[in-house]
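The values are calculated or read from the model by the stated rules, or taken from the named source; none is laboratory data. What you see is a predicted model; the values in this text were computed from it and never measured. Note that each Cβ is placed from the backbone with ideal geometry, even for glycine, and that neighbours are counted across all protein chains shown. The area values use the complete protein model at the heavy-atom level, side chains included, leaving out ligands, DNA and RNA. Shrake-Rupley method; radii C 1.70, N 1.55, O 1.52, S 1.80 Å.
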Amino acid sequence: MLPHDPLPRVLYIDLTRRRYRIEERPDIFAAGLGGSGAGIRLLAEECPPGADPLGPDNPLIFTVGPLVGHFPLASKTVAMFKSPHTGNLGESHAGGRSAVAIRMAGYGAVVIQGQSKMPVYLVIAEGQVHFRDAAALWGLRSSYTAGSVLRQREGGSGLRSIMRIGRAGEKQVSYACVITETYRHFGRLGLGAVFGSKQLKAIVVSGKRSLAVADRRSYRNTYDQIYKAATETPVMKKYHELGTPVNVLPLNHIGALPTRNLQSGRFEGAETISGEHLAEEYLGRRVACAHCPVACVHLAALRLPYPDDPYFYKTVMLGYDHELIYAMGSMLGGSEVEGLLQALDQVEVLGLDVMSTGVVLAWATEALERGLISTQETGGLALAWGNYPVYIEAIKRIVTQPNDFYRALARGVEYASSVYGGQEYALAFGGNEMPGYHTGPGCHAGYLTGARHSHLDSAGYGLDQQVGQPGQTLTPEAVADKLLAEERWRQVLTSLVICLFARGIYTPEVVQNALAAVGIDRSVEDLARLGRETLRLKHAFKTREGFELGQLRLPHRIFETPAPAGKFDEDFMKQTIARYAENL
C-alpha cells in the first residue's frame, strides 16, 4: 500500500456518548484488503457473541476497498452487522456514491457503535463527525422527503452520499433497507432495522482527496483495459441496454420465473412486465453509480393523476430491475405495470427490502387461499394475485403493524409461517426470502449455503443454466464444489468492492495488475487464499451466532414445481449441502 493512503484509517463513532476517534488499522486491510474481507474481520472484533441485533452492542460497519476512486466499476460499499432478520451474519452491498464518498472523506471503514437516546443523523465531512438532531425527520411519511430535506440542509452537493431509512427502519421491520442517494439500496437482511434501533435516521458523508498511484504508465494501461472492456465489448452491453430485466423473458421461456409463490415457473403476463416492454413504454432515463461507465440503473417514469384535479399529474421516477419485477410482478401474479410500479413506489416510500416484501405477501396470499388464515387476520384485506390496491394497503400495514398478523409479517416469512403454518410453501432460505430464479438445484443450494443467502453469493442460477445444455449433468458433489469455488472468488471481488456485473472484466490477472498500480503486491495464489479465508471467517461468525448448515429448513415447494431440467429431490439438496460444509 502506498504511503499516505487513507484506506487503513477506521472511523469509530459512538452514538451513546456522541464521540468519535480514528485508528490506523493496517493489520485489518493487509489481511482483508477492504470490503467484505475487512468488514468480517471488524465485525468479529466489534460484535460480542450473542449480541442483540437491535441492541447497542450490534455495530454498523461500512467498508470500501483499495481500488475505489482509482478504477471503474469498483465503487460498492459493504455493510456488515448482525442481522435482525436471520440472527447471524448481516451483509449488504450498495452502489451509488457512498464508497467514493467514504474513501474521499479519508477512511477505509466506518464503525458505528452504541445507541442514541434521540433521533440523530450523522454528517461525516472535513475530518469531523457532527451529530445532528433528526427529530423533525423521524416519522415522516416518505423516505423521499427525508432525502430531500437532507439535500437542502447539508453541503457537499455532487460529492456526498446520503444513506437514510424510511418508516420501516424506524419501526424495526426485520427486512427494512437503507436507501443511498435515491435509487440504490443496502437492501437485504435488515440494515435499516439496525439503523432504526439506534435511532439513526441517516448518514451524510463527503470529502475531497487525491489518490496517488504507484506507476502512472502502468496505472493508465490497466485503467484503459478495464474501461474499454466495459464500454467497447459485449461484456456489459446487456446491463446498459435493458439492465437485469433482460432476464425476465428468457427465465420465463425456460420455466424458471417464480410465479404466484412458485406455484409455477412460467407467468402468462411475462411479456407485459419484461425489460423490453418497460423500456419501450416507461423508461425515463438511466443512471450510473459513481465511477461506472455502464449506467445499468433503469428508471421508469410513472404519471400519477391528482385525485381531485383533472389534467394534473405527478411524475415519479422509479428504479426497476429483475428482482424488483419478480418480487412485485410474477411472484404476486401481477402484470398491470402501473400497479406494479405503484407497489414499488410504496416499498420505496417506506424503505423495505422489495424481495422480502414480495415473498412475504405471496406466502400470505396462498395462505389465505388455502384457508390457513382468514380476512380476520388480514384486517379485511382480500389478498389476491395481481390485486395491487390490496397489496399496497398490505405493504403499509406491514409497517404500521395494526395486529399480530402484520407484526408477524414484519419479521419475515420464516417467522410468519412458524406461527400460522404453511412452511412447506414459505420460500425462505437460511431465513432470507427467495430471489427471482428457479433454475434448478444449483440456485437453491446457493441460496441455502451462501453466506448472505443471496443469489449473488455463488450464482447457482448460472450453473443450472450451463448444466441445462444437452449432455451436461452434475452430481451433488460437483454442484457443491462449483458453488464453493465461485463464492470464494467472489469474496475477493467484494473485498475490492467491485460490482459483480463486472466479474468478467476483473479476472485474477486484471485484479493483480490493478492492485499493483495502487501499490499492493498480491499474487493470484494470495488472492485465492484471501477468498478462502474470508468465506471461512463469515461462516465462523454465522456458526458462533447459532447457524448450522446441517439444520437448514428446505422449503418443500422447490421440489414440487419443476425446474427447467425437471424436478430434483431433497436428497440431492442434502448431499450438496453436506459436501459444501465438508469442504468449507
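Structure notes:
- DSSP-defined beta bridges in region 56-207 - what % are antiparallel, rounded to 5: 85
- Contact order relative to length of the chain, as percent, for alpha carbon pairs under 8 angstrom and 6 or more apart: 16
- Surrounding net charge for residue 51, when Lys and Arg each add one and Asp and Glu each subtract one, Cβ distance under 10 Å: -3
- Solvent-accessible area of the chain (1.4 angstrom probe, protein heavy atoms only): carbon and sulfur portion equals 48 percent.
- Pairs of alpha carbons in region 462-583 whose separation is greater than 21 Å (percent): 52
- Heavy atoms of residue 231: accessible area, 1.4 Å probe, square angstrom to 10: 60
- Averaged over its residues, region 64-167 has an accessible area of 29 Å² per residue, based on protein heavy atoms and a 1.4 Å probe.
- Ordered from longest to shortest, the equivalent ellipsoid semi-axes for region 177-336 are 33, 24, 18 Å, each the square root of 5 times a Cα gyration tensor eigenvalue.
- Short-range pairs are left out: with C-alpha atoms under 8 Å and at least six residues apart, the relative contact order of region 99-170 is 26 percent.
- Remark: region 172-248 is approximated by an ellipsoid whose semi-axes, taken from the C-alpha gyration tensor as √(5λ), come to 34, 23, 9 Å, largest first.
- Volume per residue that the Cα convex hull of region 221-306 spans, once the total is divided by residue count, Å³: 142
- Ranked from largest to smallest solvent-accessible area, with a 1.4 Å probe on the protein heavy atoms, 489, 363 come out as 489, 363.
- The mean accessible area for residues of region 331-405, using a 1.4 Å probe and ignoring ligands and nucleic acids, is 31 Å² per residue.
- Hull volume in cubic angstrom per residue (convex hull over the Cα atoms of the chain): 144
- Remark: region 67-209 is approximated by an ellipsoid whose semi-axes, taken from the C-alpha gyration tensor as √(5λ), come to 22, 18, 14 Å, largest first.
- The Kirkwood radius of region 428-516, taken over pairs of alpha-carbon atoms, gives through the Stokes-Einstein law at 25 °C and 0.890 mPa s a diffusion coefficient of 178 µm² s⁻¹.
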